[in-house]
Amino acid sequence: MLSNGSLMHWTLPVLLAAQVSPEDVTREIGRLQRNFEFLSYGFAAAWIVLTVYVLMMVSRERRLKREITGLKAMLEDRQKR
Amino acid sequence: MREKLLYALGVIAFAILARDIFIIAGFPPEVAQGNAFKIIFFHVPSWVAAGTALTTALLSSILFLVTKNFKYDATAVAATEVGVAFLSVGLATGILWARPIWGVWWVWDARLTSALILWLMYAGYLMLRHAVEEPTQRANFAAVFSILAFIDVPIVYFSIRWWRTQHPAPVFFSSGGSFPPDWSAVMGWNILAMVMLACVLVSVRLQQEQAQREIDSLRRLAHAL
Amino acid sequence: MEFLRQVLVILAKDVRAELRTKEAVNAALAFAVMILVLFSFVFDPDEATTKMFAGGLLWIVFAFAGTLVLNRSFAREIPNDCLDALVAAPIPGSALFLGKALANYLLVAAVELVALPVFGILYYVRWYERFWQVMLVLALGTWGVTVIGTMFSALTVNIRLREVMLPMITYPMLTPALMGAMQLTVDLMNGKSIAGDATVWLKLLVGFDILYTAASIILVDIVLVG
């Protein structure tokens, strides 16, 4: 029993190593690269969401400034009359 | 002066985030998850920023109800809106991480589902504000809603946790995680930058809210004349 | 004691007003039955798997139909400026709120109690096997729905798009209560008693109800008076 267990013990890594073919290695590399693709998607998504929000802020800032100058001009105009 | 300082802070935050992208890309892939794991460098900081913003929103809502000072109401809107923006970043990055690792875009897991419900609730807050015309009423209603919504956050979280959970436990701040120290440093920088960015955005939004009130008072003046 | 009397006056007034027209209750009931019919097109009611989650469907029906009743609760006071009169009346806002919430509770519960046998017949679910446990879940879940619904009914009464805003803000906040009620109802209708791990949902429901009742009573004056 004991010898059988130790046999298992040293054959297992060898068997596992024998199972790894070049295709497996390329597949594994492919998987990691695919993950890299998703990493870039993730970063892009974060930046896009933030940029869109900042752009929304900028456009609102412009609208507010325009409204303020318009209203001030109108008020001055009225006070002159 | 104050405005320039704000913009400078914003630029610094963006610069830190941009610099960290290159550092992160240079890190070796994580053992189990490969490169997709590194999405965490944007995912976690955006959650920290969203949490900070939404807690600020709760505190300013309470302060508004106590003091009736409209400054706090403006802070509450600004913080909630920025919070929703960062929640969106957190959700988007989470979804893009889940696709390669879990194999699906979305799973009905505790954190994901509670995050989505949180997003819906605070989007409801913004819509509610939009629908109320009268400023005092709007401020009161929004503050009440904000408090009720914040009470829900832990209940939602725990209820869905009992329901099911799949989200990985936080990997840092706890010992035994697979998080090297130099990665933690970069993570720290990213968290700092995101929170800084959130603060800048809240301040800018706050100024806009004040400008909006100025417009309203000018309008009233124009009517009076 | 005085407070209790004030609550009961508001409660009686609201129930009487509703029973005279029956507009909200009838609409809610018809709506509930309609949803049950529509669901049968999606999930084959004859299949055993449908019985597994039919209890969950029930709460979707209750939540949707309940909103119809809750929408009317404060909107009914808008004509003739009744709401202003109620707010100006010499009673605390919390009494007004509790009276209205209890009235809504009775009305929504009535709709549910009629819809439940209809559901049992249409979907062939033996909901009456654990009758009192089902009633307990129904009572707790419905209070969660009505307390938040009444609060938001007060919140949305004067604003634009009232009918749209109420469900928009109510359902996300209701999620934990609805989830707990759904879990328990599904278990009960599959012949399992509330025991072991399931009691956590019962605790959740009780906690949710207490927390939101307290928060609403504290905050309702701000909503009604300002």
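Data table
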{"quantity": "C:SER73 being surrounded by fewer than 16 Cβ atoms within 10 Å (Cβ to Cβ), small (Gly, Ala, Ser), in a helix (DSSP H, G or I) and touching a residue at least 24 places away in the same chain (Cβ under 8 Å)", "calculated": "no"}
{"quantity": "Long-range neighbours under 6 Å by Cβ, at least six apart or interchain, first residue more than 7 Å from every other protein chain (Cβ to nearest Cβ) within the range B:143-172, second at pLDDT 90 or above and surrounded by fewer than 17 Cβ atoms within 10 Å (Cβ to Cβ)", "calculated": "none"}
{"quantity": "Residue match in the range C:141-158 (condition: of a type in the set (S, T, N, Q), open to solvent by 40 Å² or more (accessible area, probe 1.4 Å) and within 13 Å of another protein chain (Cβ to nearest Cβ))", "calculated": "yes"}
{"quantity": "The listed residue being in a helix (DSSP H, G or I), acidic (Asp, Glu) and more than 10 Å from chain B (Cβ to nearest Cβ), out of C:ASP197, C:ASP187", "calculated": "C:ASP187"}
{"quantity": "Count of the range C:93-120 residues which are farther than 21 Å from C:GLY66 by Cβ and at pLDDT below 90", "calculated": "1"}
{"quantity": "Breaking point among (1) at pLDDT 90 or above; (2) within 18 Å of the chain's Cα centre (by Cα), for C:ARG5", "calculated": "(2)"}
{"quantity": "Failed condition for B:PHE70, given (1) open to solvent by 30 Å² or more (accessible area, probe 1.4 Å); (2) under 22 Å from A:VAL58 (Cβ atoms)", "calculated": "(2)"}
{"quantity": "Residue within the range C:153-172 that is among the aliphatic types (A, V, I, L, M) and under 12 Å from C:ASP209 (Cα atoms) present", "calculated": "no"}
{"quantity": "Given (1) small (Gly, Ala, Ser); (2) over 20 Å from B:VAL156 (Cβ atoms); (3) in contact with an Asp or Glu (Cβ under 8 Å, 6 or more places away or on another chain), index of the condition C:ALA198 fails", "calculated": "(2)"}
{"quantity": "Single unsatisfied condition, C:ILE210 versus (1) under 17 Å from the mean Cα position of the chain (by Cα); (2) exposed (fewer than 15 other Cβ atoms within 10 Å of the Cβ); (3) within 9 Å of another protein chain (Cβ to nearest Cβ)", "calculated": "(3)"}
{"quantity": "Residue in the range B:56-66 that is assigned to a helix (DSSP H, G or I), more than 12 Å from every other protein chain (Cβ to nearest Cβ) and either open to solvent by less than 10 Å² (accessible area, probe 1.4 Å) or touching a Lys or Arg at 6+ places or on another chain (Cβ under 8 Å) (or both) present", "calculated": "yes"}
{"quantity": "Residues of the range C:104-119 satisfying the condition of being open to solvent by less than 10 Å² (accessible area, probe 1.4 Å) and over 23 Å from C:PRO176 (Cα atoms)", "calculated": "C:PHE119"}
{"quantity": "Restricting the range B:138-163 to residues that are open to solvent by 10 Å² or more (accessible area, probe 1.4 Å) and at pLDDT 80 or above, the residue that is farthest from B:ILE117 (Cα to Cα)", "calculated": "B:ARG138"}
{"quantity": "Residues being modelled with pLDDT under 85 and either farther than 27 Å from C:GLN133 by Cα or surrounded by 15 or more Cβ atoms within 10 Å (Cβ to Cβ) (or both) - total across the range C:45-70", "calculated": "7"}
{"quantity": "Residue match in the range C:171-184 (condition: farther than 18 Å from C:VAL69 by Cα, touching a residue at least 12 places away in the same chain (Cβ under 8 Å) and open to solvent by 30 Å² or more (accessible area, probe 1.4 Å))", "calculated": "yes"}
{"quantity": "All positions within the range C:1-24 that are among the β-branched types (Val, Ile, Thr), within 18 Å of C:VAL111 (Cα to Cα) and open to solvent by 70 Å² or more (accessible area, probe 1.4 Å)", "calculated": "C:THR21"}
{"quantity": "Every residue from the range B:65-93 that is among the hydrophobic types (A, V, I, L, M, F, W, C) and over 20 Å from B:VAL204 (Cβ atoms)", "calculated": "B:LEU65, B:VAL66, B:LEU91, B:ALA92"}
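The values are calculated or read from the model by the stated rules, or taken from the named source; none is laboratory data. Note that the coordinates shown come from a computational prediction; the quantities given were computed from them, not determined experimentally. All Cβ positions, glycine included, derive from the backbone under ideal geometry; neighbour counts span all protein chains shown. We work out accessible area using only protein heavy atoms, side chains counted, and drop any ligands, DNA or RNA first. Shrake-Rupley method; radii C 1.70, N 1.55, O 1.52, S 1.80 Å.
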